[in-house]
Structures are given as structure tokens and as C-alpha cells.
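The values are calculated or read from the model by the stated rules, or taken from the named source; none is laboratory data. Not measured: the values here are computed from a predicted model. Virtual Cβ from ideal backbone geometry, glycine too; neighbours counted across all protein chains shown. To get the accessible areas, we keep the full protein, side chains included, count just its heavy atoms, and leave off ligands, DNA and RNA. Shrake-Rupley method; radii C 1.70, N 1.55, O 1.52, S 1.80 Å.
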Amino acid sequence: MLHSASPTAYVPSERLAERATCPNCGATAALSAGVIHLGHYDHEGEVREGLLWTCSDKCFLSWEHPSFMKKC
Ligand SMILES: [Zn+2]
């Protein structure tokens, strides 16, 4: 399951130049240079879904799998 979208679909144009830190690799990049996915994360022991910015699809996949799979 891979939901991927361009940040331009979610981020107002005036914010696309803002920099964000990738939760997987720690790289800092402009929002417009990364990708937004529907990710799963742990919120107080519950798996939740939410939009997640990462610098690349590869980082999304390597971030999502360990954090989601460990709850299964
Ligand atoms: Zn990254």
C-alpha cells in the first residue's frame, strides 16, 4: 500500500519553500522537494494514520515499515 502525492496538493504555495526535516534520514529539504504519504504512526499505543512528509519515497518506506510493523 503506497499512497503518494506531491506536496503541492497539500501545502499552500507560500509554504512550499519552508524547510522540513525528514523523520527517516534527518535530512533537511524544502517541502516542495519531498513527498507526502499517508503514513501510520504510533499515538499512545494506537496505530493512527496521518499525512507524513519525507524527503523521498525511499525514506517513507524505510520509516513506515519498522514503525508500523512493530505494532502487528
Ligand atoms: Zn529522508
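Ordering of 25-31, 57-63 by packing is 57-63, 25-31, highest average first (other Cβ atoms within 10 Å, averaged per residue).
Across segment 29-43, computed HN-Hα scalar couplings (Karplus, 6.51 cos²θ - 1.76 cosθ + 1.60, θ = phi - 60°) run 8, 5, 3, 5, 8, x, 10, 10, 10, 7, x, 10, 8, 8, 10 Hz from first to last residue, x flagging Gly and Pro.
If you model segment 1-61 as an ellipsoid using its alpha carbon gyration tensor, with each semi-axis the square root of five times an eigenvalue, the axes come out at 20, 13, 11 Å, biggest first.
With the full set of protein chains in place, find how many percent of the accessible area of segment 4-69 is carbon and sulfur; take the probe as 1.4 Å. For segment 4-69, the apolar C and S fraction of the accessible surface comes to 53 percent. The residues packed around ALA27, meaning those with a beta-carbon under 12 Å from its beta-carbon, carry a net charge of +2 if Lys and Arg are +1 and Asp and Glu are -1.
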